[in-house]
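The values are calculated or read from the model by the stated rules, or taken from the named source; none is laboratory data. Treat the numbers as computed from the prediction; the structure is a model and nothing was measured. Note: ideal-geometry Cβ built from the backbone for every residue, glycine included; neighbour counts use all protein chains shown. For accessibility, only protein heavy atoms count, side chains too; no ligands or nucleic acids. Shrake-Rupley method; radii C 1.70, N 1.55, O 1.52, S 1.80 Å.
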Amino acid sequence: MSKRRAGSRQEVAAAAAGISASSAHRIDSGRLQPKSAKPRGRRRADPLAAVWEPLLLPLLEHHPALTPTTLLEHLQEQMPDQEWSSVKRTLQRRVQQWKALHGPAPEVMFPLAYQPGEIGFCDFTKVKRVDITLRGEPFPHLLFHYRLAWSGWAYGQVIHGGESFVALAEGLQNALAACGGVPKELRTDRLSAASRNRDGSYALDTPLATRRSALTTA
């Protein structure tokens, strides 16, 4: 087209573009290829016509997670006298189309978006890759860690001994005091701490709901 705008003859412009003069005349007049608008049909018989509905489709309907490779292995076991490796790509396209139309809906992941003052997290953790000593002796301890989800504000406190409800209550109390507020929701991991019953006995693994109730009361 640029050659034609510059005044070149049709044959010269076609030669510069690497096409025939007849194609150049057709492009110049706005006519398309006679077969360009027609969709290409199947050039050979469907190689899966005899096995798709009776053998493969019932398997997919009962187990939608099956892969084309598994279905191909099933065909090879059921009909070992036939060569099925040549239909692998056809089978992959057929399974992909079926799953898109009839398969289970894909899992949807929603990004977490927190609001200010909505959620706080707390848990016990250990300092990793750092050796802490007192007067040359190892210092066994834990850290109580509290963090606000939206702002990322965090509080840490050294805990002597293991995880306990007393350590949780004390660390959370100090964290809320340092923060100057209380979130609407608090999330914490399950403790393996001992709690004392009213009859004086001890019970392990206090349910999280019980600890939340006790924290709310406190």
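Under 20 Å from a label point set 7 Å out along the Cα-to-Cβ vector of His141, the amide N atoms of the stretch 163-190 belong to 163-179. Label positions at Ala154 and Leu134, each projected 7 Å from the Cα along the C-beta direction, are separated by 2.4 nm. Judged by the mean number of other Cβ atoms found within 10 Å, the most tightly packed of the peptides 119-129, 167-177 leads the ranking 167-177, 119-129.
The calculated FRET efficiency for Gln115 paired with Val166, based on their beta-carbon distance and R0 = 35 Å, is about 0.65. Summed over the residues of the stretch 1-143 and divided among them, the accessible surface reaches 79 Å² per residue at a probe radius of 1.4 Å. Backbone phi angles across the stretch 143-154, fed through the Karplus curve with coefficients 6.51, -1.76 and 1.60 (θ = phi - 60°), yield HN-Hα couplings of 10, 8, 10, 10, 8, 8, 5, 7, 8, x, 4, 9 Hz in residue order; Gly and Pro are listed as x. Sequence-ordered 3J(HN,Hα) estimates for the stretch 10-21 from the Karplus curve with 6.51, -1.76 and 1.60 and θ = phi - 60° stand at 4, 5, 5, 5, 5, 5, 5, 8, x, 10, 7, 5 Hz, glycine and proline given as x.
Within straight-line reach of Lys184, meaning a Cα separation under 20 Å, sit the following aspartates and glutamates at least 8 residues removed in sequence or on another chain: Glu118, Asp123, Glu170. The HN-Hα couplings worked out from phi for the stretch 114-124 by the Karplus form 6.51 cos²θ - 1.76 cosθ + 1.60 (θ = phi - 60°) are 8, 10, x, x, 7, 9, x, 10, 8, 6, 9 Hz, whole numbers, x standing for Gly and Pro.
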